[in-house]
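Okay, so here's the structure we're looking at.
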Amino acid sequence: MSNELIFILQELKKSPRPLEKIDELRLNENLKALLRRKILEECFKTPVPFLSSTITDFAENPVYKDLKPIGSMEKPIGYLGSLIVKTSDGDIYSHLILDLNLVTNAKEIREAVRLLEKGLITATKKQLMDDEGVIYLRRIVGNAYKTEVDVVFEFDGIPPQSIPRLLKPEETILRKLYHWFILFEIYSLLEIPVVAALFNEILGIRVDSRNGKTVLSMAYSTYFTKPGYNHFVEELLRILGVNRFEDIPIIVGVYSLLSLLAFSMKE
């Protein structure tokens with residue numbers, strides 16, 4: 001079996017989208033999880049030595065199929081997809097992951113990721129002056145700062161009128177809860193106190209057309225704090241494509257955009 005896996009891995013490396021090819025293989029989910037880790041390491045040069053390969057029994061559970069397991073850190077996580085975020089400081093190539101606590105929302109989250117992968121994401125950020133919120137947050141979690149991020153997503157295939165739920169004021173509370181729910185999970189993985197997620201606020205959302213494409217623009221503010229660094233968090237940041245602490249709000253912005261799109265797909 002090991003020789004067969006070596007051959008399969010060699011063939012996967014030749015594919016422009018090896019992680020998607022793994023989904024088509026007729027292998028058990030534990031072996032697929034192993035191959036996803038190998039591809040992250042060998043094709044995408046993302047070392048994951050601390051990503052446990054021993055706690056993968058959950059991978060065989062069909063309810064986790066849409067999360068595409070890759071292994072376990074402090075809790076089982078799965079692979080969602082990868083995308084490029086354009087910023088003024090250069091492109092961020094990010095692999096998106098989530099943990100099994102979101103399995104009940106996995107279907108719409110994966111559909112949202114597929115949409116994100118086909119479009120163009122541009123993000124800009126600026127650090128804001130300290131305010132009362134920053135002062136209070138520092139008392140709870142230590143060093144913190146406030147950032148505003150603007151994310152613009154251009155894509156084909158879905159007309160603006162097909163995602164009106166994002167703009168309905170009567171669904172604002174539900175949207176916020178859904179948004180926080182997803183952010184809590186990524187904050188938890190990063191070992192950032194989840195109380196910080198409550199300080200995230202969506203400032204505005206606009207959906208319109210530009211040059212034949214649908215454009216979703218989102219602005220949000222976040223009170224942020226530096227994550228607790230250890231081997232697991234450092235590895236997770238590499239997978240997310242974060243090389244500098246200052247880029248974490250950009251990745252949070254991507255997950256905020258992801259939550260909005262996934263929310264629009266919930267029935």
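The values are calculated or read from the model by the stated rules, or taken from the named source; none is laboratory data. Bear in mind the structure is a predicted one, so any value in this text is a computation, not a measurement. Quick reminder, even Gly has a Cβ in these numbers, built from the backbone with ideal geometry, and neighbours come from all protein chains shown. Side chains are part of the model used for accessible areas, which takes the heavy atoms of the whole protein and leaves out ligands, DNA and RNA. Shrake-Rupley method; radii C 1.70, N 1.55, O 1.52, S 1.80 Å.
Observations on the model:
- Of the residues making up segment 212-237, those that are surrounded by fewer than 21 Cβ atoms within 10 Å (Cβ to Cβ) and closer than 13 Å to Leu189 by Cβ are Pro227, Gly228, Asn230, Phe232, Val233, Glu234, Glu235, Leu237.
- Flag if Ser209 is open to solvent by 60 Å² or more (accessible area, probe 1.4 Å), on the phi < 0 side of the Ramachandran plot and of a type in the set (Gly, Ala, Ser): yes
- Of all the residues in segment 80-125, those that are of a type in the set (Phe, Trp, Tyr) and either closer than 16 Å to Leu261 by Cα or at pLDDT below 90 (or both) number 0.
- Residues of segment 83-119 satisfying the condition of being open to solvent by 20 Å² or more (accessible area, probe 1.4 Å), touching a Phe, Trp or Tyr at 6+ places or on another chain (Cβ under 7 Å) and not in a helix (DSSP H, G or I): Ile84, Gly119
- Test: residue in segment 122-143 that is touching a Leu at 6+ places or on another chain (Cβ under 6 Å) and open to solvent by less than 30 Å² (accessible area, probe 1.4 Å): no
- Every residue from segment 237-254 that is touching a strand residue (DSSP E or B) at 6+ places or on another chain (Cβ under 8 Å), closer than 13 Å to Ile192 by Cα and either part of a loop (DSSP other than H, G, I, E, B) or not β-branched (Val, Ile, Thr) (or both): Pro249
- Positions within segment 28-45 being free of Cβ contacts under 8 Å to residues at least 12 places away in the same chain and assigned to a loop (DSSP other than H, G, I, E, B), in sequence order: Lys45
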